[in-house]
Amino acid sequence: MSSEVKEQPVSLSPREVTAGRGMLVVVSSPSGGGKGTLIRRALKAVPKLGYSISFTTRPARASEVDGHDYFFVSVEKFKAMIEANGFLEWAIVHGNYYGTSHAQIENERLAGRDIILEIDVQGAASVRRLARDAVSVFIMPPSFEILRDRLVGRGSERPDDLALRLRNSRSEVEHYREFQYVVLNDDAEKAAKLLASIIYAERARRERQEEVALRVLASFKQEV
Ligand code: 5GP
């Protein structure tokens, strides 16, 4: 994992970014932690929940579809997007560029949808700084051995990339302390339910129910 992290200056203050709109749900885990599966299940289970499709310079895997899993772009195009303030955050992870589209997030949130960002621990730190009410969830693999077996079994990485990801996982797991929630991924179904529950519970937070509560209160103030 590179230490290089970049946040784009946003035109809104952190308060304005978060006020009264869809919430950001940041989900991180080491490579092979199984967050992709959990997120797919949560997206099916939870209504009005969107997914941020990141941009990356990593080559697509055989199973991946451009515009669905990622937008796969060249380093030149990625750098041009950085220049054009196209990213909410971006980072170099396992030697490739990854970034969250500013426009995509804004569109989803303006439409009142909550949105999941499946990003690394550096990106999670950037988003937390930009959007103080972002919800952050760390998906913890049950053990290093299980993570390694999953990554090897997936067979999607070249040996050197696999070794790099395993090496980086040792420092990535240390970052769990920076997250509000930790979901142990020892059972995919159970873990996906827990992730969905976190999203439901966060939606019910008093701060996020202010508008609803005030509307109800107004009805109590009417003369009958
Ligand atoms: P993979 O190559 O396995 O799809 O992803 C490698 C790492 O990059 C994962 O930890 C994934 O969460 C992270 N990642 C994916 N998209 C983004 C992004 O937009 N920003 C950041 N900072 N990390 C990302």
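The values are calculated or read from the model by the stated rules, or taken from the named source; none is laboratory data. Source: prediction; values computed, not measured. Every residue, glycine as well, gets a Cβ built from its backbone with ideal geometry; the counts of neighbours run over all protein chains shown.
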Determine whether Ala111 is over 30 Å from Ala163 (Cβ atoms), among the small types (Gly, Ala, Ser) and either touching a residue at least 12 places away in the same chain (Cβ under 8 Å) or touching a helix residue (DSSP H, G or I) at 6+ places or on another chain (Cβ under 9 Å) (or both).
-> yes
Take the stretch 158-192 and flag every residue that is of a type outside the set (A, V, I, L, M), in contact (Cβ under 8 Å) with a residue 60 or more places away in the chain, part of a helix (DSSP H, G or I) and under 14 Å from Leu38 (Cα atoms).
-> Glu189
What helices (runs of 4 or more DSSP H) completely inside the stretch 44-157 contain at least 1 residues that are within 12 Å of the ligand (Cβ to nearest atom), buried (at least 19 other Cβ atoms within 10 Å of the Cβ) and at pLDDT 95 or above?
-> 75-83, 121-130
Any pair with Cβ under 6 angstrom, 6 or more apart, that starts in the stretch 42-55 at a residue that is over 27 Å from Ile82 (Cα atoms) and ends at one that is assigned to a loop (DSSP other than H, G, I, E, B) and more than 9 Å from the ligand (Cβ to nearest atom) | Lys48/Arg113
Kindly list the number of the only condition in (1) loosely packed, with under 13 Cβ neighbours inside 10 Å; (2) within 20 Å of the chain's Cα centre (by Cα) that fails for Arg208.
-> (1)
Among the residues listed as Glu89, Glu118, the single one being in contact with a Leu (Cβ under 8 Å, 6 or more places away or on another chain), under 23 Å from Gln180 (Cα atoms) and acidic (Asp, Glu) = Glu89
